[in-house]
Amino acid sequence: MRKGLEEKPAADEGLADFSSSLTHHGHRERLRERFRTGGPQALPDYELLEMVLFRAIKRGDTKPIAKALLARFGSFAEVISAAPMRLQEVKGVGPAIVTELKLIQAAALRLTREAVINRPVLSSWNAILDYCRAAMAYDEAESFRLLFVDKKNQLVADEVQQRGTVDHTPVYAREVIKRALELSASAIIMVHNHPSGDPTPSLADIDMTKRIISAGDKLGILVHDHIIIARKGHVSLRNLQVI
């Protein structure tokens, strides 16, 4: 009698696990169907994130982790852009989930980059801004990116020249112009990010821009613009008439 009483909860637990598995499977299929018929706009951020997590979490409910990630970082874009170590601070997030999130980020960057490289600058300006925002807006440290433009006004190279701290990136005018000459570029677009979220240029940003413009003038390298990217938007120093 005692043995039978001990076995009954285990059977009940197995039945509950099976029922739960069916429920989650049905939920996943419903999300997939909504995505297939309505596209990504049919799903809020947390459900789209749930679907991203399906590959990392083969069975079970991905909604709690999706919502925890959004609560921690704020938006879908901020989740996939977050540093791996910070992602793993969220309960339930391990290497498999981090890999899936970073894969989505890499795909997004590859897609937006393809829209600008080897394309005319003037006709691709919005795409350039989209790419720079995807690549840099949510970084936790400053970085300085150079987009190199040839004589046909096409983007021919995209390089991150320097990485810095949360509020400073060392930039040397001679290195910027030297690299432009090595690539036979006739012009450059400078881009850097403000991890604070505010794209307003500092006096140091303006001074650095003027120094690079001066160095470029001596060797025939034009500075098209210096764009500052942040979570709250972007600022063009050309539009501010700094250039």
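The values are calculated or read from the model by the stated rules, or taken from the named source; none is laboratory data. The model shown is predicted, which means the values in this text are computed figures rather than measured ones. So basically every Cβ, Gly included, is an ideal-geometry build from the backbone, and we count neighbours across all protein chains shown.
Exactly one residue among 148, 144 is modelled with pLDDT of 95 or more, surrounded by 14 or more Cβ atoms within 10 Å (Cβ to Cβ) and of a type in the set (Phe, Trp, Tyr), and that residue is 148.
When you scan the range 59-74, do you find a residue that is in contact with a Ser or Thr (Cβ under 7 Å, 6 or more places away or on another chain) and either over 27 Å from residue 132 (Cα atoms) or at pLDDT 95 or above (or both), even just one? So that I can check it myself, show each step before the final result.
Filtering the range 59-74 for residues in contact with a Ser or Thr (Cβ under 7 Å, 6 or more places away or on another chain) gives 59.
Narrowing the set further to residues that are either over 27 Å from residue 132 (Cα atoms) or at pLDDT 95 or above (or both) leaves 59.
Yes, the range 59-74 has at least one match.
Within the range 121-137, residues that are within 17 Å of residue 152 (Cα to Cα) reach partners that are of a type outside the set (Val, Ile, Thr) and not in a helix (DSSP H, G or I) with beta carbons closer than 6 Å, at six or more positions or on different chains, in the pairs 121/153. When residue 170 is tested against (1) more than 30 Å from residue 217 (Cβ to Cβ); (2) assigned to a loop (DSSP other than H, G, I, E, B), exactly one condition is not met: (1).
Rundown of residues vs (1) in a loop (DSSP other than H, G, I, E, B); (2) small (Gly, Ala, Ser); (3) surrounded by 19 or more Cβ atoms within 10 Å (Cβ to Cβ), yes/no style:
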site: 110; (1), (2), (3): no, no, no
site: 127; (1), (2), (3): no, yes, no
site: 158; (1), (2), (3): no, no, no
site: 191; (1), (2), (3): no, no, yes
site: 200; (1), (2), (3): yes, no, no
site: 207; (1), (2), (3): no, no, no
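Would you confirm whether any residue within the range 173-187 is β-branched (Val, Ile, Thr) and surrounded by fewer than 18 Cβ atoms within 10 Å (Cβ to Cβ)? Step through it out loud before you land on a result.
Quick first cut of the range 173-187, residues β-branched (Val, Ile, Thr) only: 176-177.
Within this subset, residues satisfying the condition of being surrounded by fewer than 18 Cβ atoms within 10 Å (Cβ to Cβ) are none.
Within the range 173-187, none of the residues are β-branched (Val, Ile, Thr) and surrounded by fewer than 18 Cβ atoms within 10 Å (Cβ to Cβ).
So that you can scan it fast, the table gives a plain yes or no per residue for (1) more than 19 Å from residue 142 (Cβ to Cβ); (2) in contact (Cβ under 8 Å) with a residue 40 or more places away in the chain:
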site: 174; (1), (2): yes, yes
site: 179; (1), (2): no, no
site: 186; (1), (2): yes, no
site: 193; (1), (2): no, yes
site: 202; (1), (2): no, no
site: 221; (1), (2): yes, yes
site: 233; (1), (2): no, no
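Contact annotation: residue pairs with Cβ atoms under 8 Å, 6 or more positions apart or on different chains, pairing a residue in the range 70-82 that is surrounded by 18 or more Cβ atoms within 10 Å (Cβ to Cβ) with a partner that is among the aliphatic types (A, V, I, L, M) and assigned to a loop (DSSP other than H, G, I, E, B), are 73/82; 81/137.
Of all the residues that make up the range 90-108, how many are of a type in the set (D, E, K, R), free of Cβ contacts under 8 Å to residues at least 40 places away in the same chain and surrounded by 11 or more Cβ atoms within 10 Å (Cβ to Cβ)? Give the derivation first.
The first filter runs over the range 90-108 and keeps only residues of a type in the set (D, E, K, R), leaving 91, 100, 102.
Still in the list and also free of Cβ contacts under 8 Å to residues at least 40 places away in the same chain: 91, 102.
Now restrict to residues that are surrounded by 11 or more Cβ atoms within 10 Å (Cβ to Cβ): 102.
The number of residues fulfilling the criteria is 1.
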